[in-house]
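Take a look at the structure below.
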């Protein structure tokens, strides 16, 4: 256990010493200040959970910058995918025929869509990924399990909990 705590101390010291530089490096890569800090914090949490990853690293600062950069790239890709998934969603939903075309009905539908989008965005990344693959991608549970590297039961659980979460968030609008 001594090695684990020594490695954790290395992580703590390195993150404290290089925090500002890591945030600046993320800003140079196009991230907003708040996003840069979130990325650095997430790197810290991940390394704190597995501190032995930093042991025997001769260039620890360079390693930390690379880990932050990789996480930043992942975040940008995920945001781009989510923007693509949600682009047009509002327009498509608004184009669905509705019996009443009054202003109140339209405003209510826009409000519910906004609440639904918010509910989806508050889900964990994996749950949101499974839910969208099922609802928008029309993938089967087996296909989702294979693509995400999780069990079929876990896919079913994510979908069930995602639907329940959406219902809870929309409950007062129904």
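Laboratory data are not the source of any read-out in this text; all were calculated from the coordinates shown. Values in this document were obtained by computation on a predicted structure and should not be read as measured data. Glycine also receives a Cβ, built like all others from the backbone with ideal geometry; neighbour counts cover every protein chain displayed.
Out of every Cα pair in the range 2-78, what percent are spaced more than 14 Å from each other? Numbers along the way, then the final one.
Numbers: 1656 of 2926 pairs.
When every Cα pair of the range 2-78 is considered, 57 percent fall beyond 14 Å.
The range 47-67 to the range 107-174: how many Å between their Cα centroids?
For the range 47-67 versus the range 107-174, the Cα centre distance is 35 Å.
Taking neighbour counts of Cβ atoms within 10 Å as a proxy for exposure, in what order, fewest first, do 36, 5 appear? Write down the numbers at each step before the final one.
Working: 36 21, 5 10.
Final ranking by Cβ density, sparse to dense: 5, 36.
Neighbouring Cβ atoms within 10 Å as the yardstick, rank 59, 131 fewest first. Spell out each step's value before the answer.
On the way: 59 9, 131 23.
The fewest-first ordering by Cβ neighbours comes to 59, 131.
Which angle between 0 and 90 degrees, to the nearest 10, do you get for helix 125-135 versus the longest principal axis of the chain when only C-alpha atoms count?
Computed tilt is about 30 degrees.
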